[in-house]
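Below is one structure, written out as structure tokens; the observations come after it.
Bear in mind that the values in this text are calculations on the coordinates, not laboratory data. Since the structure is predicted, the reported quantities are computational estimates derived from the model, not experimental observations. A quick note on method: Cβ atoms are made from the backbone with ideal geometry, for glycine too, and the neighbour counts reach across all protein chains shown.
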Amino acid sequence: MQPLTVLHIALALAALALGSAVLVRRKGTPSHKMLGRIWASLMAAVALSSFWIFEIRHGAGPSFVHLLSVWTLISLACAIYFIRRGNVRAHKGFMIGTFMGLLGAGAGALAPGRALYRLFFA
């Protein structure tokens, strides 16, 4: 497995763990804000690192999965925009949606033929 893929997976696992913690903790506290900023940074790093991983098309360039990374960056930007303007409901929606996208991407990464599938099941 390529080092960038390993980094991408490690960042995603860290985002999964931290995001789970943020979701179950009390909202609006200083620790929520700090952990949320770290989580958003991890998610941005996961999305950005994906732009150099071309596993699905066997090195032939970006795939449809990269559109999810673009959407993740847009979603994070929207979440930040809304919370800075006091729209907690929209912020919450974008953050939960982004976390659900992380779960979905992880599930998709376990599909037969993908790197995680080969790592765990082949």
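Assorted remarks:
- With the simple model of a label 7 Å out from the Cα in the direction of the Cβ, Ala14 to Ile96 spans 2.7 nm.
- Most mobile listed residue (Leu42, Leu103, Leu16) in the chain, GNM with C-alpha springs under 10 Å: Leu103
- Neighbour counts of other Cβ atoms within 10 Å put Met34, Met95 in the fewest-to-most order Met34, Met95.
- Rounded to the nearest 20 debye, the dipole magnitude of the chain is 580 debye, with +1 charges on Lys and Arg beta carbons, -1 on Asp and Glu beta carbons, and the Cα centre as origin.
- Cα Rg, Dmax, region 3-121, angstrom units: 14.9, 46
- Annotation for Val24 and Phe64: the two label points, set 7 Å from Cα along the Cα-Cβ direction, are 3.4 nm apart.
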